[in-house]
Amino acid sequence: MKNIFFIALISLFAFTGCNQPKPVKTIEDLKAGIKGETTASAKYAAFAQKAREEGNANVAKLFDAASKAESIHAANHKKALEALGEKMEDFKPEFEVKTTAENLQAAIDGETYEVTTMYPQFLTDAKAEKADKATKSFTWAYDTEKKHEKFYTAALASLNANTENTLPTQYLVCPVCGNTYDKAMVDEKCSFCQTDKAKFIEA
Ligand SMILES: [Fe+2]
Ligand SMILES: [Fe+2]
């Protein structure tokens, strides 16, 4: 009799579990996001090295900071994916390294895509599927990429005008959300996730 009760109880849990719809769109979006952010992180690290070789030290610093930020976004997306009981499959980041001016334009194009198309869609999906962790992770990335786009646009303009020395010389990155600051203009607490500025990292 006791056994029957347990079987009934287990069946009930299993049935309830099956009834919860899997956030299928969010899972696909998280995987695409992990791929995009991991690739961006590797790409910007390579762009930083190229900028240093070309004597563009301040642009290199920006690429270093953005590379760090993207790796934080990838890690946050991965945690959100695993919290949904899913795993990321292996992949190899693919990108091209050109001149620093071209690399900056490629970075602007990538950030623009993320800000205007990718993350707005991901956020719509995650909110509709009530995937809260993913919504938070996508929001932090989305807000950071808006800042990256501005930093890159300013950097390319300076490079073209031969005024690279007017660019920030150091950036700080929030280790929790990837928010990226000009070191000369940090907030007391991260404007996205409220982490104390003492924890910000120099990329
Ligand atoms: Fe970015
Ligand atoms: Fe933050």
- Only residues that are farther than 17 Å from ALA74 by Cα and either crowded, with 18+ Cβ neighbours inside 10 Å or hydrophobic (A, V, I, L, M, F, W, C) (or both): list them for the stretch 118-130, please. ASP125, ALA128, GLU129
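Going by the structure shown, is ALA184 more than 20 Å from ALA40 (Cα to Cα), more than 14 Å from ligand 2 (Cβ to nearest atom) and without any contact (Cβ under 8 Å) to a residue 40 or more places away in the chain?
Values: more than 20 Å from ALA40 (Cα to Cα): yes; more than 14 Å from ligand 2 (Cβ to nearest atom): yes; without any contact (Cβ under 8 Å) to a residue 40 or more places away in the chain: yes.
Criteria met by ALA184.
Give me a count of the residues in the stretch 20-46 that are of a type outside the set (A, V, I, L, M, F, W, C) and open to solvent by 50 Å² or more (accessible area, probe 1.4 Å).
Within the stretch 20-46, the first condition is being of a type outside the set (A, V, I, L, M, F, W, C), and the residues that meet it are 20-23, 25-26, 28-29, 31, 33, 35-39, 41, 43-44.
Still in the running and open to solvent by 50 Å² or more (accessible area, probe 1.4 Å): 20-22, 25, 28, 35.
Count: 6.
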- Note on the structure: When the stretch 140-156 is checked residue by residue, the ones that are touching a Leu at 6+ places or on another chain (Cβ under 7 Å) and within 14 Å of ligand 2 (Cβ to nearest atom) are TYR142
- Sole exception among (1) part of a loop (DSSP other than H, G, I, E, B); (2) within 16 Å of ligand 1 (Cβ to nearest atom) for LEU156, by number: (1)
- Filtered residues of the stretch 58-90 (kept if open to solvent by 50 Å² or more (accessible area, probe 1.4 Å) and without any contact (Cβ under 8 Å) to a residue 24 or more places away in the chain): GLU82, GLY85, LYS87, ASP90
- Task: Looking for whichever is touching a residue at least 12 places away in the same chain (Cβ under 8 Å) and crowded, with 19+ Cβ neighbours inside 10 Å here; the options are ALA134, ALA101. Which one fits?
- Result: ALA134
- Selection status of LYS146, within 12 Å of ligand 1 (Cβ to nearest atom) and free of Cβ contacts under 8 Å to residues at least 60 places away in the same chain: yes
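Determine which member of the set PHE200, PHE192 is away from ligand 1 (no atom under 16 Å from the Cβ), free of Cβ contacts under 8 Å to residues at least 60 places away in the same chain and under 14 Å from ALA69 (Cα atoms). First the steps, then the outcome.
Details: PHE192 fails: away from ligand 1 (no atom under 16 Å from the Cβ).
None of the others qualify; the one that does is PHE200.
The values are calculated or read from the model by the stated rules, or taken from the named source; none is laboratory data. Everything numeric in this text was worked out from a predicted model, so none of it was measured. Neighbour counts run over all protein chains shown; Cβ positions are idealised from the backbone, glycine included. Side chains are part of the model used for accessible areas, which takes the heavy atoms of the whole protein and leaves out ligands, DNA and RNA. Shrake-Rupley method; radii C 1.70, N 1.55, O 1.52, S 1.80 Å.
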